[in-house]
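The structure under discussion appears below in the form of structure tokens.
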Amino acid sequence: MVNYGGDEVSALVVDIGSSSVRAGYAGDDTPKAVVSSYYGYKTTAGDSDAKLYLGQHGPSIWREGMEIGNPWRDALIFDFNPIPPLISHALSDIMHANPSEHPILVTEPAWNIAANRERMAEIMFEEFQVPAFYIANTGVLNAFAAGKGSALVIDVGHSVASITPVVDGFVLRKGLVYSALPKLVHAHAKHVLTTPTPTRGSIDLYPHQLIASKIPVEPSASPRFALREDRLAGTTESWRTWYETREVDEWIQTVAGVLDQGWNEQVAAARPPRQYEFPTGFNTSFGPERFQVGEEFFYHSPQLVAQNPNLPKNIPTLLSESLRACDPDLRQVLMGNVVLTGGGSLYTGFADRLENELSRNFSHVKIHAPGNPIERKYGAWLGGSILASLGTFHQLWISREEWQEHGKAIVGQRCK
Amino acid sequence: MASGVSVSSECMEAFRSLKLSRKHKYIIFSLSADLKTIVPVKTSAEQDYDKFVGDLPEDECRWAVYDFEFEKDSAKRNKICFISWSPDSAKIKQKMLFASSRDALRRSFDGIAVEIQGTDYSEIAHEAVLFKANSSSR
């Protein structure tokens, strides 16, 4: 609880990721609102304040000519225009909270730029009229939530995989590395699904919104479905990309895994295959290819690397780059305190594989990977929730008066 | 980023008696019931290292300062160790509180030679501390 003008009000915590915006009350165990960061909009000539379609009734509802956008690009918030509507949807529409009555803690990635954090402060103070604001680094929040002042935080999200060395509560900048690895893994999964094999054709990734009817078919048989012809012409390219991404993600979450001991054809073939049905009615079982997908986190073939000079770095490459920047003494401390977090790390076998990769090079490796998926997905939110609920934290908040007096400069001074 | 928790003067006094007058072998610190201040919860002159380990609860966080004695090159040495105890089984709220308050306590003490972050008993075992103490002395 935070004291404002004699009243105790709880702070709000907002964690904005590239897949979802997590928002809730400080002190709670889980965010009250989890809203997709993707939003729908229509481009109408001359209308710059076009309505955004958000949340549950947002991108997932088919609308003629609706495009899909996302504020993130290249691991940073690129477009701030949809940020106030997204936050307002989470806080006001879902939580029925009035932001002008609550201090707000927002998270930021460790590599965030000054202009972005200042813009966030400006949005909070000027548009939402919050009484107090703080912006906290997700790397440090994840380390603290695992009980560690010093840790190597490996965060695998929806579009970015990062490694953040945290030492005595501060990010060691020179050891901070990240890449768009999850996007590569996703692209590989899509390639697996859409490439014909000897036993099946290319898989159609139509979503249920575009399917008029379907007839149950035998496993691996060609699907028998009819498309909603009335909708096809009005479906935009960006909506199509968005729903294909969703279909691939669903498949990944249900089927894909990582081999804990490294790639081995026999081991992959010996694992039980998994059945999966697509919205078209097509269903089949996936064998070794479901592990090939997760393998992309840890190994890239020399051919792939040679053909793609800008290939996102895999986990072992990120790790060696990060550790190279740290003193040898520190490396041992970090290896004993690895924190695995982020929804993208929830692949079956991910934590075991990571441990095996690390143990090959270091003698004492200990990985903290919460088994509870809520803790893994919302680690930074949870850390922020606890921090912002502390009575003693009030000294750290940037108050409205301080913002008015000092302006943007106070953000960098206070939030370290 | 820190919790804003403050360090009580009792912490400093206890540390001084350990460091200067060597009245204590170890001190265990925790948070006050209102979670606003760090306070010493135990001081002891007990020489048996295992007794000290026994004073660290299995599923709750603590900090400790231990005056660690060992022999190197047949000379007796001592190093003051700062231990952050955060067992995996502790509640997440406590882990967060202790991790974000640690720096305030640590910065209050001069003369710490060894720092240990322990999440299970093997990481704070006598041999683990001895190894660190040895490698930090030349």
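Please verify whether A:GLY65 is over 28 Å from A:SER10 (Cα atoms) and open to solvent by less than 10 Å² (accessible area, probe 1.4 Å), treating the condition exactly as stated. Lay out the reasoning, then the answer.
Numbers: over 28 Å from A:SER10 (Cα atoms): yes; open to solvent by less than 10 Å² (accessible area, probe 1.4 Å): no.
When the stated conditions are applied, A:GLY65 does not pass them.
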Exercise for review: Of all residues in the stretch B:98-132, count the ones that are more than 11 Å from chain A (Cβ to nearest Cβ) and either part of a strand (DSSP E or B) or on the phi > 0 side of the Ramachandran plot (or both).
Suggested key: 2
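Going through the stretch A:144-185 one residue at a time, which ones are in a loop (DSSP other than H, G, I, E, B) and more than 14 Å from chain B (Cβ to nearest Cβ)?
Within the stretch A:144-185, the first condition is being in a loop (DSSP other than H, G, I, E, B), and the residues that meet it are A:146-150, A:157-160, A:168-169, A:172, A:176, A:180.
Answer for the stretch A:144-185, where residues must be in a loop (DSSP other than H, G, I, E, B) and more than 14 Å from chain B (Cβ to nearest Cβ): A:GLY157, A:HIS158, A:SER159, A:VAL160, A:LEU172, A:LEU176, A:ALA180.
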Check your understanding: Would the stretch A:80-96 turn up any residue that is under 27 Å from A:VAL156 (Cβ atoms) and without any contact (Cβ under 8 Å) to a residue 40 or more places away in the chain?
Key -> no
Practice item. Taking A:GLU101 as meeting all but one of (1) over 22 Å from A:SER37 (Cα atoms); (2) touching a residue at least 60 places away in the same chain (Cβ under 8 Å); (3) out of contact with any Pro (no Cβ under 8 Å at 6 or more places or on another chain), write down the number of the exception. Key: (3)
**Study point:** Enumeration of residues in the stretch A:109-139 that are part of a strand (DSSP E or B) and farther than 28 Å from A:SER179 by Cβ
**Key:** A:ALA132, A:PHE133, A:TYR134
Practice item. Return yes when B:ASP67 is open to solvent by less than 40 Å² (accessible area, probe 1.4 Å), more than 10 Å from chain A (Cβ to nearest Cβ) and among the charged types (D, E, K, R) and no when it is not. Key: yes
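So which of A:ILE374, A:ILE398, A:ILE410, A:ILE386 ends up being within 12 Å of chain B (Cβ to nearest Cβ) and open to solvent by less than 60 Å² (accessible area, probe 1.4 Å)?
Numbers: A:ILE374 fails: open to solvent by less than 60 Å² (accessible area, probe 1.4 Å); A:ILE398 fails: within 12 Å of chain B (Cβ to nearest Cβ); A:ILE410 fails: within 12 Å of chain B (Cβ to nearest Cβ).
Being within 12 Å of chain B (Cβ to nearest Cβ) and open to solvent by less than 60 Å² (accessible area, probe 1.4 Å) holds for just one of A:ILE374, A:ILE398, A:ILE410, A:ILE386, which is A:ILE386.
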Exercise for review: Specify which of the listed residues (A:PRO99, A:PRO131) is at pLDDT 95 or above and touching a His at 6+ places or on another chain (Cβ under 8 Å).
Suggested key: A:PRO131
Review point. What number of residues within the stretch A:201-211 are closer than 21 Å to A:PRO288 by Cβ and open to solvent by 20 Å² or more (accessible area, probe 1.4 Å)?
Key: 2
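Residues are listed down the side, and each one gets a yes or a no for (1) modelled with pLDDT of 95 or more; (2) aliphatic (A, V, I, L, M); (3) within 30 Å of B:SER135 (Cα to Cα); (4) not in a helix (DSSP H, G or I):
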residue	(1), (2), (3), (4)
A:VAL333	no, yes, yes, no
A:GLU355	yes, no, yes, no
A:VAL365	no, yes, yes, yes
A:ARG376	no, no, no, no
A:TRP381	yes, no, no, no
A:PHE393	no, no, no, no
A:GLU402	yes, no, no, no
A:LYS416	no, no, no, yes
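Output the number of residues of the stretch B:78-91 satisfying the condition of being open to solvent by 60 Å² or more (accessible area, probe 1.4 Å) and either touching a Ser or Thr at 6+ places or on another chain (Cβ under 6 Å) or of a type in the set (Gly, Ala, Ser) (or both). Can you show your working first?
Step one: list which residues in the stretch B:78-91 are open to solvent by 60 Å² or more (accessible area, probe 1.4 Å), which gives B:78, B:88-89, B:91.
Applying the additional criterion that residues be either touching a Ser or Thr at 6+ places or on another chain (Cβ under 6 Å) or of a type in the set (Gly, Ala, Ser) (or both) yields B:88-89.
Final tally of qualifying residues: 2.
The values are calculated or read from the model by the stated rules, or taken from the named source; none is laboratory data. Keep in mind the model is a prediction, meaning the values are calculated, not measured. Note that each Cβ is placed from the backbone with ideal geometry, even for glycine, and that neighbours are counted across all protein chains shown. Areas reflect the complete protein model, heavy atoms only, side chains present, ligands, DNA and RNA absent. Shrake-Rupley method; radii C 1.70, N 1.55, O 1.52, S 1.80 Å.
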